[in-house]
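Worksheet: one structure, shown below.
The values are calculated or read from the model by the stated rules, or taken from the named source; none is laboratory data. Here the structure is a predicted model, which means the values were calculated and not measured. Cβ placement follows ideal geometry from the backbone for every residue including glycine, while neighbour counts extend to all protein chains displayed. These accessible areas exclude ligands, DNA and RNA; they are computed on the full protein's heavy atoms, side chains included. Shrake-Rupley method; radii C 1.70, N 1.55, O 1.52, S 1.80 Å.
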Amino acid sequence: MISRRARLFSNAAGKAIDVKPYEANVATKIIEDFMLMANETVAQEYCTEEIPFVYRTHDNPDPEKVESLLTLLHNQGVKIQKAKEEITPKEIQQIIESIEGLPNEAMISRLVLRSMKQAKYTTECSGHFGLAAKYYCHFTSPIRRYPDLQIHRIIKDNLRGRLMREGRTEHYAEILDEVARQSKCMRTPRR
């Protein structure tokens, strides 16, 4: 299976000279699985403890968009049916797998993505549809975006006992909605 990640090659002067996809191997898959588990575990801990936190959420897709997508897929000869009223992440994955190698794969992939809602940062723990996770945050990526850095600050303050003792809980409760809102305004890759 080819990963959607790429490796950047540079010359001796540090100038990028090539970008090539690399194949995901067993070690890569294990690391990704552990990262997902860590993100879910941390999110669950802070959600159940009701500590102010920033979650990475992904709402269920709009049913009308899904129906339009399924109609289009049917018209393109792709046989997919959803089992229940709402489509599941597993059914979306089946769609993606069923179109692999088709001449119109790129177009259908874009339409599948457009039928999904965009993932966002929120202070409400409402789950991540695309990952089929009830709890999710970006604990494992503290240098990617500001909300991810805030998560590490909250965890550090909690571990050092400063959340309750120094009133940091109130501080985070006051700022995190704005942190999530501002990050929502920035266009970032889907994840």
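So I have (1) 113; (2) 169; (3) 122, and one of them is volume of the Cα convex hull per residue in Å³ calculated from this model. Which one is it?
Checked against the structure: label (2).
May I ask you to give the solvent-accessible area per residue for segment 84-191, in square angstrom, as obtained with a 1.4 angstrom probe?
Result: 63 Å² per residue.
Would you rank Phe9, Phe129 by solvent-accessible area, highest first, keeping every protein chain in place and using a 1.4 Å probe?
Phe9, Phe129
Ignoring any ligand, DNA or RNA, what whole percent of the accessible area of the chain comes from carbon and sulfur when the probe is 1.4 angstrom?
53 percent
May I ask you to evaluate 6.51 cos²θ - 1.76 cosθ + 1.60, the Karplus curve with θ = phi - 60°, for each residue of segment 13-29 and list the ³J(HN,Hα) values in order in whole Hz, giving x for glycine and proline?
Taking θ as phi minus 60°, the curve returns 7, x, 7, 5, 10, 6, 10, 9, x, 10, 7, 6, 10, 4, 4, 4, 4 Hz for segment 13-29.
When the helices in the chain are scored as -39500 (n - 2.57) per DSSP H run of 4 or longer and the sum is shared across all residues, what 222 nm value do you end up with, to the nearest 500 deg cm²/dmol?
-15500 deg cm²/dmol
Relative to the Cα centre, what is the charge dipole magnitude of segment 22-91, using +1 at the beta carbon of each Lys and Arg, -1 at the beta carbon of each Asp and Glu, and rounding to the nearest 20 debye?
Its charge dipole is roughly 400 debye.
Relative to the longest principal Cα axis of the chain, at what angle does helix 89-98 sit, 0 to 90 degrees, rounded to 10?
40 degrees
Using θ = phi - 60° and the Karplus relation 6.51 cos²θ - 1.76 cosθ + 1.60, list the HN-Hα couplings for segment 114-126 in order, rounded to whole Hz, with x at every Gly or Pro.
Values per residue, Gly and Pro as x: 5, 6, 8, 7, 7, 5, 8, 8, 9, 9, 9, 8, 10 Hz.
For the chain, take the longest principal axis of its alpha carbons; what is the angle in degrees between that and the long axis of helix 168-185, to the nearest 10 within 0 to 90?
Taking Cα atoms only, the helix is inclined about 30 degrees.
Roughly what angle does helix 63-75 make with the longest principal axis of the chain, taking Cα atoms, 0 to 90 degrees, to the nearest 10?
In the chain, helix 63-75 runs at an angle near 30 degrees to the longest axis.
Based on alpha-carbon centroids, what's the gap between segment 16-43 and segment 68-140 in Å, whole number please?
Rounded to whole Å, the Cα centres lie 20 Å apart.
If you place +1 on the Cβ of every Lys and Arg and -1 on the Cβ of every Asp and Glu, how big does the dipole about the Cα centre of the chain come out, in debye to the nearest 20?
740 debye
Show me, for segment 149-163, the HN-Hα J-couplings you get by feeding each phi into the Karplus relation (A = 6.51, B = -1.76, C = 1.60, θ = phi - 60°), rounded to Hz, glycine and proline as x.
Those phi angles translate into 5, 4, 4, 5, 5, 5, 4, 4, 4, 5, 5, 8, x, 7, 4 Hz.
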